[in-house]
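Below is one structure; the comments refer to it alone.
The values are calculated or read from the model by the stated rules, or taken from the named source; none is laboratory data. Note that the structure is predicted; figures quoted are calculated from it, not measured. Please note: Cβ atoms are built from the backbone with ideal geometry, for glycine as well, and neighbour counts cover all protein chains shown.
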Amino acid sequence: MADRKATAMAVDDLWYLTRRDPLTGKLVPSERHGRGKRWRVRNRGAGTKLFGKQSDAERYDANVRADVSRGVYVDPRGGAVLVRDQGEDWRKQQLHRDSTAERVERALRLHVYPMLGHMQLAQVRSSHLRGWVKDRAAVLAPSTLGVIYGGVLVPLFRAAATDRLIGSSPCVGVRLPEIEDSAYTIPTPEQVHELYGALPERYRALVYVAAGCGLRGGEAFGLELAAVDFVRREVEVRHQLAVLAGRRPFLAPPKTKSSRRTVELPEIVSTALVRHLERFPARPVELGDDTDGRNPTRRAVPLLFTNATGEPIHRASWSHVWRPAVRKVGLPEGFGVRDLRHYFATVLIFGGANVKTVQLAMGHTTPMVTLNTYVGYWPDALDRTRSLVDAALSCTQSVPLAAVGGEIAGQDGRGGGT
């Protein structure tokens with residue numbers, strides 16, 4: 001029989017009451033005496049658990065107390081939280097940019113909750129995640145699947161484990177589809193010129209801004225008149241034009257801290273912008289300005305590029321302008337403004353710019369990002385074998401990808417580095 005005094009704090013004997021028979025001095029049997037599991041363990045925050053043997057109950061109680069003392073205790077009730085509820089709590093706590101927050105919400109709603117949202121956190125096993133990966137691989141590109149898994153599911157379950165809702169994350173032993181090495185479509189100088197001519201006149205200068213200054217699409221669409229210094233031949237990248245569902249386009253901080261930069265303004269880009277402004281003067285557009293997240297405002301922004309109605313260029317309608325021009329030039333489906341930015345990078349690389357110069361001009365966070373993105377285009381990696389063979393065989397060495405008439409890279413040969 002159990003010693004009540006020793007176990008009264010956590011372990012109870014359900015077969016006996018706590019009072020004794022005054023005649024015998026023995027504990028009085030309870031109504032459930034002889035039926036069901038005898039030993040009950042009650043711990044603050046751990047709920048109640050029943051055991052058939054006293055030794056098992058005491059061992060469990062001791063382990064729970066030790067885990068609580070070490071700060072590693074996992075409340076079984078936490079694991080009962082649904083994946084959907086945990087996902088909503090987790091995403092609302094993240095310091096995401098508005099555009100990132102929108103992508104995360106969409107990924108959870110469309111790809112995570114339909115299969116996993118109804119499950120309790122403690123129920124999710126690696127096998128469930130492998131099944132999820134196999135299902136989503138049928139409808140998502142490997143790169144997109146990798147972003148959702150690594151950028152949403154992994155941190156979601158890691159946060160649950162950190163908060164002691166579950167003992168450990170199930171995101172182990174999950175194999176993702178291999179992502180093929182991305183090969184960028186780098187247009188020729190002739191195609192850059194042709195694309196310029198294929199677009200409606202009010203959008204043409206955008207081609208040279210992207211190909212000659214390396215601006216991202218949002219940075220070019222959000223470019224305002226004051227950011228272009230025609231005298232010093234510089235463009236200051238201060239923000240980007242962002243678009244979120246249910247909200248008018250607004251100014252947002254650049255993609256990263258390194259994206260806030262000053263790039264050189266080649267002559268061909270400057271000339272194109274001057275002609276553009278003569279035909280389409282920059283007129284103020286009332287926009288929300290969230291570049292300072294602590295003090296969002298609204299102001300009149302003299303955008304260099306607007307649509308036919310004088311409104312900011314919206315990504316939803318931009319494709320109707322861009323795709324016909326891409327097809328006319330003969331560039332592949334999916335060719336975008338980002339590929340003109342890649343063209344700019346290769347111009348710098350083949351012009352002899354070092355990694356740091358390209359990193360600063362592109363607004364990459366680190367030189368490693370630049371190397372990982374364009375390692376295949378660096379002359380040291382790409383042309384060394386060809387140069388050696390050509391020299392040995394006395395062939396005329398082919399000319400690598402060049403700047404547009406030598407001007408896209410900049411008149412002084414530095415090409416857009418900062």
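Scanning segment 178-199 turns up at least one residue that is within 20 Å of Arg323 (Cβ to Cβ), at pLDDT below 90 and under 24 Å from the mean Cα position of the chain (by Cα). Could you go through segment 148-155 and let me know if any residue there is within 24 Å of Leu95 (Cβ to Cβ), modelled with pLDDT under 90 and out of contact with any helix residue (DSSP H, G or I) (no Cβ under 8 Å at 6 or more places or on another chain). No, that holds for no residue.
Note on segment 130-166: residues that are part of a loop (DSSP other than H, G, I, E, B) and among the β-branched types (Val, Ile, Thr) amount to 2. Restricting segment 274-311 to residues that are of a type in the set (A, V, I, L, M), under 23 Å from Pro254 (Cβ atoms) and touching a residue at least 60 places away in the same chain (Cβ under 8 Å) leaves a set whose member that is surrounded by the fewest Cβ atoms within 10 Å (Cβ to Cβ) is Leu304. Which of the residues belonging to segment 306-331 are within 27 Å of the chain's Cα centre (by Cα) and either closer than 16 Å to Ala242 by Cβ or not assigned by TED's automatic domain parsing to the domain that holds Arg204 (or both)? Pro312, Ile313, His314, Arg315, Ala316, Ser317, Trp318, listed by residue number. On the given criteria, is Val285 in contact with a helix residue (DSSP H, G or I) (Cβ under 6 Å, 6 or more places away or on another chain) and under 16 Å from Ala242 (Cα atoms)? Judged against the criteria, Val285 is not a match.
Which strands (runs of 3 or more DSSP E) does segment 1-114 wholly contain that include 1 or more residues that are at pLDDT below 75 and either among the acidic types (Asp, Glu) or closer than 22 Å to Asp163 by Cα (or both)?
Answer list for segment 1-114: 39-43, 47-51.
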